[in-house]
Amino acid sequence: MSANKRYGMSIDIDKCNGCGACMMACAVENNIPPAPEAANDRRGVTWIRVYKVDNHLAYPERRTAFVPVLCQQCGHDTPCVHVCPQQAVDVDPETGIVGQMPERCLGCRYCMVACPYHARYFNWWDPKWPAGMEKTLNPDVAPRMRGVVEKCNFCHGRWHAAQQKAAAAGQREIDAADYVPACVEACPTGALRFGDLSDSSTEVAQDAQRPESFRLLEKIGTEPKIHYRSRRDWVREIASAPRPEGKDGLRG
Amino acid sequence: MIGGKIAFASGMLLALAGGWLAFPRILYQTRQQPVNFSHKVHAEKAGAKCEDCHSFRDDGTYAGIPTLDKCSGCHTAAMGTTAEEKNFIDQYVTPNREPQWLSYAQQPENVYFSHIAHVKLGHVKCEQCHGNEGGTGALRPYQQDPISGYSRDIWGRPVAPVGLRNEGGMKMDDCVNCHRRQGLEYSCLGCHK
């Protein structure tokens, strides 16, 4: 059996131009239906969300940055796993991926309260696709029903496909090039990178070691596996201060 | 006194017969396969191995039940004299119409199962999960839960566990038991999607 992996991502905030291609690619890959009219920023479903933040200064000093926030795949004391009364959330020891089982979820939403990153979403409505669009659904990902919570799982369908391809070649170890989440693949500026953090030769593992690298709310000790980086001081400060005084937090 | 015992015993038998024989018939809808296919005849005359017809694609995905073109390869004209074969050719081969086979093993849409990982890496024999399907002379009736639409093979505990295999099978418990025995149980998303 191969050594356990610790899949993670590195995100270069200085490269992100806020285009939202990652959000779109994610929705298409993971069968997330278009939001109904009644949806707002907390009731809609987006496994990855690009937040817009600024340095709170007036023109001409004002600067803006875009921060894609997805499930941070907490590696230590994963908050959502702890609070789930249904054992509907688990951490795969093989991959380090925090998995959500919608079929087990009873919809109590404790995990959404526990998640420090607002990375979990509740299905307030049954999924509905405009006529014809259901033909584009991804058969590798089961659609979720009303009343359950869902979140990013690093495109698990792609992990399955990569494993299957390896099995066809008689191997247990997948080729790293075969497993790339949809958001990483779609990013036009190359701001997102994905790989095994436990392998020091991967780009993500090296990105995580850079001096300008940081993680969101690092001080609470959940050891997230999404490593952001920015050369701008004010961007790095925002990551450790969840709600700047007098401002509406990180809301875009 | 004796009469009482007889009455009790016959009542008991009636209740058990009702529970074991009649209740499953009410609970599950029985449907017949479109063609009376014999795995045994085909195994003897056409191909010796399961994968001769139930093949893998190049990318490792499993093709499942063969499509009509596989059948047409031999059955453009009758090879034998049976009425079933003639019927199959008239109904499906000549009009080029796919038979709507009912898949006993079709899993719900949230299940991920890789045949090639089990067969090639795990060296699991087809029979371990599917039973000795390849040796049967006729296709058994397909039983379906009318509410969920799932095949009985993958869902529902047997009402009378008589004559059923203890090992193998295709319910989630069967998967979990085998994985647990081998220490290959990691997370829900290993088998769910």
Checklist entry - Averaged across the residues of A:181-190, what count of C-beta atoms belonging to other chains lies within 10 Å of each residue's C-beta? => result 0
Item to check | Average partner coverage of A:154-166, which counts Cβ from other chains inside 10 Å | outcome: 4
Next on the checklist: Need one number: nm distance between label points at A:HIS118 and A:HIS82, each 7 Å from Cα along Cα→Cβ, rounded to one decimal.
Outcome noted: 2.2 nm
Checklist entry - Using the Kirkwood formula over every pair of different C-alpha atoms, what hydrodynamic radius in Å results for the protein assembly as shown? => result 25.6 Å
Checklist outcome for this item: Residue-ordered couplings for the stretch A:129-136, obtained by feeding phi - 60° into the Karplus form 6.51 cos²θ - 1.76 cosθ + 1.60 and rounding to whole Hz (Gly and Pro as x), are 10, x, 3, x, 6, 5, 6, 9
Checklist entry - Rg(Cα) of the stretch A:88-131 divided by 2.2 N^0.38 Å? => result 1.38
Item to check | Extension gain (nm, one decimal) between A:ARG104 and A:ALA176, 0.36 nm per residue minus Cα-Cα | outcome: 22.9 nm
Checklist entry - What is the mean projected area of the alpha carbon convex hull for the stretch B:104-193, to one decimal in square nanometres? => result 6.8 nm²
Checklist outcome for this item: At R0 = 56 Å the Cβ-Cβ FRET efficiency linking B:GLU109 and B:MET1, nearest 0.05, sits at 0.40
Item to check | Mean shadow area of chain A, taken as a quarter of the surface of its Cα convex hull (nm²) | outcome: 14.9 nm²
Item to check | Burial order of peptide ranges A:217-229, A:126-138 (average beta-carbon count within 10 Å, highest first) | outcome: A:217-229, A:126-138
Checklist entry - Using modelled backbone amide H atoms (1.01 Å from N, in-plane), which distant-in-sequence or interchain residues come within less than 5 Å of A:TYR51's amide H? => result A:VAL67, A:VAL69
Next on the checklist: I'd like the FRET efficiency for B:ASP58 and A:SER201, computed as 1/(1 + (r/R0)^6) with the beta carbon distance as r and R0 of 30 Å, rounded to 0.05.
Outcome noted: 0.50
Checklist outcome for this item: Here, B:ALA17 and A:GLU237, labelled 7 Å along Cα→Cβ, have an inter-label distance in nm of 8.6 nm
Item to check | Mean-position separation - Cα centroids, the stretch B:39-115 and the stretch A:1-51, in angstrom | outcome: 41 Å
Item to check | Violating pairs (Cα-Cα greater than 20 angstrom) within the set A:LYS165/B:LYS49; A:LYS15/A:LYS52; B:LYS40/B:LYS125 | outcome: A:LYS165/B:LYS49
Checklist entry - Just the C-alpha atoms of chain B: what Rg/Rh do they give, with Rh taken as the Kirkwood radius? => result 1.05
Checklist entry - Averaged over peptide B:106-118, how many Cβ atoms belonging to another chain are found within 10 Å of each residue's Cβ? => result 4
Checklist entry - Label A:LEU137 and B:HIS42 with points 7 Å out from Cα along Cα→Cβ: what is the distance between them in nm? => result 2.9 nm
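Every number here is computed from the coordinates shown, using simple stated rules; none is lab data. Keep in mind that this is a model prediction, so the values were computed, not measured. Reconstructed Cβ throughout: ideal geometry from the backbone, glycine too, with neighbour counts over all protein chains shown.
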